[in-house]
Each structure stands twice: as C-alpha cells, then as structure tokens.
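See below for the structure under consideration.
The values are calculated or read from the model by the stated rules, or taken from the named source; none is laboratory data. For clarity, every value in this text was computed on a predicted model and none was experimentally measured. Positions of Cβ are backbone-derived with ideal geometry, glycine not excepted, and every protein chain shown enters the neighbour counts.
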Amino acid sequence: MRQETILLVDDEREIVNLMDIYFCNEGYRLLKAFDGQEALEYLKEEKVDLIIMDVMMPKMDGIEACMKIREEQNMPIIMLSAKNSDMDKILGLSIGADDYVGKPFNPLELVARAKSQLRRYHKFNKDTQPRMNDNELIFEDLVIDILKHEVCVDGRKVRLTPREFSILELLARHQGQVLSMEQIYRNIWNEPFLDGGSTVMVHIRNIREKIELDPKQPRYVQTVWGIGYKLDGPS
C-alpha cells in the first residue's frame with residue numbers, strides 16, 4: 001500500500017520540523033517546502049495527497065500558490081494563518097482551500113484535520129466499482145460522475161475542490177430535498193455547526209460560479225430562504 005504523502009509549506013522552520021515528527025509518527029510521508037514557489041516545484045515531481053500551507057510566506061504566498069494549484073489539481077488544501085478574522089477565512093476558502101486553521105494551533109488538531117480531509121478525499125476517489133447506475137448522477141445537463149470524481153455541465157468539464165464536490169454530491173443524493181446549512185456542515189465537515197453558516201455559503205457560492213450559467217439565477221442549486229439549499233431533480 002502506498003504511503004500517503006503530505007506537503008507542508010511554511011517559512012517557519014520550527015513549525016515544519018515539529019509537524020514532521022507528528023505526521024511521521026502517524027505513518028505519513030512529509031515533504032517540506034518553505035515558500036509557495038518551492039511547493040509548486042514539488043508538485044511537478046511528486047504525487048501529493050494533501051497540502052498544508054501557510055498564507056504569509058516569501059517569494060510566493062499561500063493565496064497565490066493555492067490559486068495556481070487549483071488550476072491543475074484537486075487534492076485537499078488546508079490553509080494556515082495567524083490571521084483569524086472571518087474575512088481571512090472566507091478568502092482562503094473562496095480561492096480553493098478546503099479547511100482553515102489559525103495559528104497558533106494544537107499539532108494534534110492539525111493531524112486530526114489532515115486525517116479527516118484525507119478520508120473524505122479518498123472516499124470520493126476510490127478505484128472500486130460503484131453499484132450499478134450509481135456512478136453517475138444526472139440532473140438535466142449536469143452530470144456528476146462519482147467514480148471519476150468529475151462534474152460536467154452542458155458537456156463542459158468543471159473543476160471542483162474535494163469539499164465542493166462533496167457538497168454537490170450530498171445535494172444530488174437528496175435531490176428535491178431541502179438541506180439546512182447545519183445539515184450540510186455536519187455531513188461534510190463532521191464537526192459541530194457553531195458558526196459554520198458562512199463557510200457553507202462560501203462553498204455554495206463557489207459551486208454556483210462554476211456550474212451555473214448565471215450564478216445570481218441558479219438553475220441547479222436552489223436557495224430555499226430561511227431553510228437551506230436543494231438540488232432540483234432531473235427533468
């Protein structure tokens with residue numbers, strides 16, 4: 001079985017060396033980079049299952065690096081930052097990150113979040129064959145391929161992050177049913193809801209921008225005001 005590889009990108013070498021101990025003790029292979037440009041070079045040569053990346057770094061910061069990575073790859077990305085305001089978190093999530101951890105952090109919490117992201121990512125990228133007729137969910141011109149972890153709209157392939165794909169699949173499997181923000185958050189993040197509403201809204205907005213012809217008048221992901229969201233059933 002291939003050892004899972006995590007790329008940790010942070011210019012604070014003490015943090016990188018500390019987390020190297022924690023992740024190696026958990027059986028992961030850790031690659032270390034100290035700026036965004038170095039991280040991109042690693043990705044040209046290495047198969048990486050998860051990226052943990054600081055926002056503030058020299059040469060190329062985490063925001064720019066995350067945007068460049070999302071142009072080509074969809075592995076989970078956890079952003080690290082000493083800035084803990086809601087706007088900073090929303091920015092990180094809106095450019096393609098799947099999770100956001102504020103500094104200083106508990107190393108055990110970061111390991112737990114990494115494990116959660118990896119479980120979810122591999123769940124939706126399994127090579128095993130799905131049940132008959134369960135590998136594709138088709139809603140008019142929207143096709144969700146569970147086996148390939150791909151989404152097509154009007155024949156055009158759309159690149160979603162693992163978290164965005166999970167939300168869309170959740171809505172698709174409950175087509176026509178309204179799911180509250182709390183239901184979505186608990187199912188996808190596996191955490192207490194608390195203040196997760198803004199996080200869900202950011203991801204829904206990102207999904208709409210990618211699959212809807214007019215995100216302001218969505219055809220697929222519908223808002224039911226005061227309740228939550230639903231995906232309209234196939235025609």
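One residue stands out among those in the stretch 69-94 that are in a loop (DSSP other than H, G, I, E, B) and modelled with pLDDT under 80: the one that is nearest to Y42 (Cα to Cα), which is K83. Candidates in the stretch 64-84 are the residues that are among the charged types (D, E, K, R) and more than 13 Å from the chain's Cα centre (by Cα); of these, the one that is nearest to I15 (Cα to Cα) is K83. I'd like the full set of residues that are among the polar types (S, T, N, Q) and in a strand (DSSP E or B), limited to the stretch 180-235. Within the stretch 180-235, S180, Q222, T223 meet the criteria. For the stretch 97-106, does any single residue satisfy the condition of being of a type in the set (K, R) and either in a strand (DSSP E or B) or within 22 Å of R205 (Cβ to Cβ) (or both)? Within the stretch 97-106 (the criterion being of a type in the set (K, R) and either in a strand (DSSP E or B) or within 22 Å of R205 (Cβ to Cβ) (or both)), the answer is no, since none of the residues qualifies. The criterion of being under 19 Å from the mean Cα position of the chain (by Cα), surrounded by fewer than 16 Cβ atoms within 10 Å (Cβ to Cβ) and not charged (D, E, K, R) does not hold for P162. Within the stretch 177-192, residues that are closer than 11 Å to G228 by Cα have Cβ atoms under 8 Å from residues that are of a type in the set (K, R) and modelled with pLDDT of 90 or more in these pairs: Q177/K230; V178/K230; L179/K230, counting only partners at least 6 apart in sequence or on another chain.
Mind checking which strands (runs of 3 or more DSSP E) fall wholly inside the stretch 1-62 and carry at least 3 residues that are of a type in the set (A, V, I, L, M), closer than 19 Å to Y100 by Cβ and touching a residue at least 12 places away in the same chain (Cβ under 8 Å)? Strands (runs of 3 or more DSSP E) meeting the threshold: 5-9, 50-54.
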